[in-house]
Amino acid sequence: MLKNVLLERDIYASEEHKMMQSMIQDFIQNEMMDQIDEWEENGMVNRAIWERAGELGLLCIDMPEDYGGSGLDFSFSALLIEEMNKEGMTGPGFSLHSDIVAPYLLKYGTEAQKQNYLPQMASGKMITSIGMTEPNCGSDLKAIRTIAEDKGDHYLVNGQKTFITNGYMCDMSIVAVKTNSGTENEGVSLLIIETAFDGFTKGVPFKKIGLKAQDTCELFFDNVKVPKDNLLGEEGQGFKIMMTELARERLSVALAAIGGAEGAIEKTIAYTSTRTAFKQPIAQFQNTQFILAECATQLQLNQAFIDRCTRLVSTHQLTAENASIAKYAATEMHGKVVDECLQLFGGYGYMWDYPIARMYADNRVARIYAGTNEIMKLLIARGLFKELFQKNKA
């Protein structure tokens with residue numbers, strides 16, 4: 001971390017945090033870094049890296065030990081997210097698996113569902129995704145068209161999901177579906193759908209601007225029989241569950257932005273300290289110093305708020321409004337920081353062999369997924385004018 005510039009962050013100050021940070025850094029440098037080119041070429045990482053992360057206790061970190069997790073608090077998950085993104089390690093979708101899917105199961109799953117899925121997830125032997133977005137439905141989740149028809153002892157699912165992180169490699173997906181379609185009881189429900197179920201197919205990984213090693217694809221459901229036991233939570237409560245759990249997902253995106261911005265600044269300091277122009281290091285020019293001073297300032301201001309939100313997750317007090325502020329502010333900051341840092345690399349910053357180029361391409365989507373930043377501003381505004389909105393509804 002930028003120890004000469006940034007204050008010590010209390011949230012990661014314990015010996016346990018420092019030990020885990022060192023382990024994560026070793027894992028990235030010794031076991032992941034030399035595989036990036038291969039992963040990008042394949043459009044996905046390999047299963048071995050998932051199982052290795054499981055062996056190291058880096059999956060489902062804050063899940064109880066009874067379900068195979070490490071039993072730590074969310075700050076350890078946050079540390080992993082930041083360290084991965086600080087090194088531009090955006091291929092493995094560990095965070096979605098551990099910090100989005102696993103909490104859904106822990107909070108809303110039956111005991112049988114938790115015992116069946118969480119230990120496999122913690123080991124890395126089962127990779128998971130979450131299916132919300134559809135081709136004609138992005139941020140408006142109430143408009144989904146994937147239908148689950150009640151057939152007595154099972155649901156019959158038909159529809160399509162798109163832009164699914166971990167989609168191609170996943171063994172199971174929590175899928176948002178429309179139940180009781182066309183009736184007065186119509187609502188959104190969540191189903192646990194295993195990829196081995198007949199009629200569940202996947203598209204090929206998308207060719208994206210960035211996140212090239214992340215297996216993002218479409219999921220298709222053609223008369224997929226899903227047992228009633230695979231309903232997550234209560235029927236018709238899916239939208240309420242998603243809105244509650246999206247706060248943690250948005251904070252995870254913000255944490256990734258914090259790590260990514262710090263990594264970009266570190267790499268730019270190192271580059272400008274050795275790259276010369278007009279017979280002196282670029283870092284000696286006032287313009288370089290001012291740009292990096294501004295970047296470091298914005299990073300640290302955002303870190304302070306993100307640390308506060310991270311603590312709130314552990315006490316189940318993170319609100320939708322604060323999560324939206326975190327996601328909006330951190331991703332906007334990250335985008336500006338990476339852009340400024342790439343400029344200081346000059347032409348080399350546009351070369352894919354330089355990490356700053358990957359960071360530039362990878363960070364852009366953060367202002368889109370987990371709810372666009374325009375939606376974040378809407379949610380923040382609703383929090384500010386809550387009483388007015390309630391009066392209008394009345």
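The values are calculated or read from the model by the stated rules, or taken from the named source; none is laboratory data. Since the model is a prediction, treat every value here as computed from it, not as a measurement. We place every Cβ from the backbone using ideal geometry, glycine too, and count neighbours over all the protein chains shown.
Miscellaneous remarks
- Cβ pairs under 7 Å, 6+ apart, first in segment 8-23 and farther than 18 Å from ASN302 by Cα and assigned by TED's automatic domain parsing to the domain that holds ARG52, second aliphatic (A, V, I, L, M) and modelled with pLDDT of 95 or more: HIS17/LEU79; MET20/LEU79; GLN21/LEU79; MET23/LEU56
- Check on ALA283, over 23 Å from ASP62 (Cβ atoms), outside the structural domain of PHE76 (by TED's automatic domain parsing), surrounded by fewer than 19 Cβ atoms within 10 Å (Cβ to Cβ) and of a type in the set (A, V, I, L, M): yes
- Cβ separations smaller than 9 Å between residues 6+ apart or across chains give the following pairs from segment 57-70 residues that are among the acidic types (Asp, Glu) to residues that are part of a loop (DSSP other than H, G, I, E, B): ASP62/GLY69; ASP62/SER70; ASP62/GLY71; ASP62/LEU72; ASP62/ASP73; GLU65/GLY71.
- Listed by position, the strands (runs of 3 or more DSSP E) inside segment 165-246 whose residues that are crowded, with 22+ Cβ neighbours inside 10 Å number at least 2 are 172-179, 187-194, 217-227.
- All of ALA257, ALA247, ALA176, ALA213 fail the test of being at pLDDT 95 or above and closer than 23 Å to LEU105 by Cβ, apart from ALA176.
- Residue identified as under 19 Å from the mean Cα position of the chain (by Cα), surrounded by 13 or more Cβ atoms within 10 Å (Cβ to Cβ) and outside any helix (DSSP H, G or I) among MET84, MET32, MET44: MET44
- Some residue of segment 301-308 being farther than 30 Å from THR288 by Cα, surrounded by fewer than 18 Cβ atoms within 10 Å (Cβ to Cβ) and at pLDDT 95 or above: yes
- Candidates LYS125, LYS142 - the one that is surrounded by fewer than 16 Cβ atoms within 10 Å (Cβ to Cβ), in contact (Cβ under 8 Å) with a residue 40 or more places away in the chain and closer than 24 Å to MET243 by Cβ: LYS142
- In segment 124-164, of all residues being of a type in the set (S, T, N, Q) and in a loop (DSSP other than H, G, I, E, B), the one that is modelled with the lowest pLDDT corresponds to SER139.
- Taken together, MET84, MET63 contain a single residue that is farther than 29 Å from LYS212 by Cβ and not assigned by TED's automatic domain parsing to the domain that holds LEU190, which is MET63.
- Failed item in (1) modelled with pLDDT of 95 or more; (2) within 24 Å of GLY91 (Cβ to Cβ), with ALA370 passing the rest: (1)
Conditions tested, residue by residue: (1) surrounded by 14 or more Cβ atoms within 10 Å (Cβ to Cβ); (2) farther than 19 Å from ILE100 by Cα.
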residue: THR315; (1), (2): no, no
residue: THR319; (1), (2): no, no
residue: ILE325; (1), (2): yes, no
residue: ALA329; (1), (2): yes, yes
residue: LEU344; (1), (2): yes, yes
residue: ILE356; (1), (2): yes, yes
residue: ARG367; (1), (2): yes, no
residue: LEU384; (1), (2): no, yes
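- The number of residues in segment 268-308 being part of a helix (DSSP H, G or I) and among the charged types (D, E, K, R) comes to 3.
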